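A short reminder: the numbers here are calculations on the coordinates, not readings from a lab. Keep in mind that what you see is a predicted model, and the values were worked out from it rather than measured. Backbone-built Cβ (ideal geometry, glycine too); neighbour counts: all protein chains shown.
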Amino acid sequence: MNWILLTIAGLFEVGFTFCLGKAREATGSEMYLWYGGFLLSLTLSMVLLIKATQSLPLGTAYAVWTGIGAIGTVLVGIFVFKEPATFWRLFFLTTLIASIVGLKVVSE
């Protein structure tokens, strides 16, 4: 169950970086709505991370949480914000995914 909470926490991390990107592009009251989404996502991400670390090793949980956030943020950048999808970005993204899976496997 705590791995599921950790995964959801990582997805909320992607959510708060997405909200930051959208807030940067927005103006007026729309900008404040995106910042509100940022604060909500940030809070939920932290609460779920804290809950998950009560039974998972702290170092592993933090690395997985950060990795999910990094992978998701790069993918959001590529697909939503039209950032470049170069060979090397995708190569290192793949190695990051393999590292996260490896951490999960050796942590059980």
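Annotations for the structure displayed:
- Within the stretch 74-92, the set of residues being under 30 Å from Met1 (Cα atoms) and either touching a Gly at 6+ places or on another chain (Cβ under 9 Å) or not in a helix (DSSP H, G or I) (or both) comprises Val76, Gly77.
- Among the residues of the stretch 58-73, those identified as closer than 16 Å to Thr7 by Cβ and of a type outside the set (A, V, I, L, M) are Thr60, Tyr62, Trp65, Thr66, Gly67, Gly69, Gly72, Thr73.
- Test: residue in the stretch 84-91 that is among the charged types (D, E, K, R), farther than 18 Å from Ser107 by Cβ and surrounded by 14 or more Cβ atoms within 10 Å (Cβ to Cβ): yes
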